[in-house]
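Down below is the structure, laid out as structure tokens.
Readers should treat all values here as calculations from the given coordinates under stated rules, not as data from a laboratory. No experiment lies behind these values; they were computed from the predicted model shown. Don't worry about glycine lacking a Cβ; one is built from the backbone with ideal geometry, like all the others, and counts go over all protein chains shown.
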Amino acid sequence: MTESNKLCNCRLKGQFRIHGIRTTNPVAVGDHVEFDMEGAEENGVIKAIAPRTNYIVRRSINLSKSAHIIASNIDRLYIVASIMLPRTSTGFIDRLLVTAEAYHIPAALIFNKIDIYTEEAQSRCSDLMKLYSSLGYPSYAVSALEGTGLDALRLVLSEKVNLFSGHSGVGKSALINALDPLLTIKTGEISSYHNKGMHTTTFAEMHPLAFGGFMIDTPGIKEFGLVHFESKEISERFPEFRALLHKCRYKNCTHVHEPGCAVKQALDEGGINAERYHNYLGLLNDENLDMTDYV
Ligand SMILES: Nc1nc2c(ncn2[C@@H]2O[C@H](COP(=O)(O)OP(=O)(O)OP(=O)(O)O)[C@@H](O)[C@H]2O)c(=O)[nH]1
Ligand SMILES: [Mg+2]
Ligand SMILES: [Zn+2]
């Protein structure tokens, strides 16, 4: 898209290698590029990719030694979640939040499908919203189906580059369509057998919003490949741990079994949420932890 909002089909010229990362896709959704018009002025040739302010990668399924850039130059990553149909666990949410922290992308949470929540699900939703807002992740409850809560969301999305991520079937594409009725992105059914989505969106795509800004819709993910984190790094990606880290007796404290651990103390005193701590342990023990291979 040119500065005057004109769309052009572009191709890449020659070899592009972005410094530092081996990727399966040289140009990603969200990249700012320079291109020359070719032939009949309808097509372009990309000759340069501007440095990215940030990007988010997913490890490639087939080519284990390289990573796939999902998108770049993102203002905010929204984890689209649901308490039901399909359920999003906090383990999944925290893994994505840690990833966003690692890539220096501000993150927020959207709980969709509130129209179908049972009383129990509603109460779980409001507990999680309280928890995550208190950690600095703005949290929203919406229904794409009924249009509930969309005005508040439009307000924060407008004039920004936003990315929606989350499990298949939580309603990422449906929500984008509901936010901007001019869009007609394909949505899919929920499998009645598994209560899961059918992976309807198959590649990341950026959509301009009628009310200003851009939405990047992405394919549903099962789990998020973490890229070269060290144990010490993980605790730094938990904002509520961060302030306590220098108070632990041992400098290399893993906050698991060490005496004089400020994180464990806060956990005992209720200053740290037990579920978050549990998810921290999960990440720490993750067999995929050492993923230096992937980048
Ligand atoms: N009841 C209810 N259903 C919704 C809501 N939002 C989306 N759905 C339904 O959920 C199903 C999946 O929606 P999609 O938008 O395709 O989900 P997605 O997250 O884009 O899924 P992938 O593209 O596979 O990652 C569709 O049948 C939608 O109609 C909602 O707020 N309430
Ligand atoms: Mg989709
Ligand atoms: Zn500690």
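Computed quantities for the displayed model
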| item | result |
| --- | --- |
| Angle between the chain longest axis and helix 90-102 axis [Cα atoms, degrees, rounded to 10] | 60 |
| Overall form of segment 85-172 per C-alpha gyration tensor (a/c, 1.5; a/b vs b/c) | oblate |
| Acute angle (nearest 10 degrees) that the helix 274-284 long axis makes with the longest principal axis of the chain, alpha-carbon atoms | 70 |
| Restricting segment 236-285 to trypsin sites (Lys or Arg not before Pro) in coil, as DSSP defines it, with at most 14 other Cβ within 10 Å | ARG249, LYS251 |
| Dipole axis of the chain (+1 Lys, Arg; -1 Asp, Glu on Cβ), positive-most option in ILE110, SER165, ILE185 | SER165 |
| Net length gained if the chain between TYR193 and LEU145 were fully extended (0.36 nm per residue, minus Cα distance) | 15.1 nm |
| Charged-residue dipole, Cβ positions (Lys, Arg, Asp, Glu), segment 231-294 about Cα centre, Debye nearest 20 | 380 |
| Check: the chain dipole with +1 on Lys, Arg Cβ and -1 on Asp, Glu Cβ, in debye | 560 |
| All Cα pairs of the chain, percent lying beyond 27 Å | 46 |
| Rounded tilt (10° steps) of 119-134 against the dominant C-alpha axis of the chain | 90 |
| Taking the C-alpha atoms of segment 139-213, convex hull volume expressed per residue in Å³ | 96 |
| Charge dipole (debye, nearest 20) of segment 24-183; +1 at Cβ of Lys and Arg, -1 at Cβ of Asp and Glu | 700 |
| For segment 70-217: rounded, prolate or oblate by the Cα gyration tensor [a/c cutoff 1.5] | rounded |
| Gyration tensor verdict on segment 231-294 (Cα atoms; rounded if a/c is under 1.5, prolate if a/b is larger than b/c, oblate otherwise) | prolate |
| Loop chymotrypsin sites (Phe, Trp or Tyr not before Pro), segment 164-249 (other Cβ atoms within 10 Å of the site Cβ: 16 or fewer; DSSP) | TYR193, PHE203, PHE211 |
| Mean separation of Cα contacts under 8 Å (6+ apart) over length of the chain, as relative contact order % | 16 |
| Lone cysteines, the chain (no partner Cβ under 4.7 Å) | CYS8, CYS10, CYS125, CYS261 |
| Extended-chain gain in nm, criterion 0.36 nm per residue less alpha-carbon gap, ASN252 and ASN43 | 69.7 nm |
| Cleavage-rule hits, trypsin sites (Lys or Arg not before Pro), segment 167-207, DSSP coil, Cβ neighbours within 10 Å at most 11 | LYS186 |
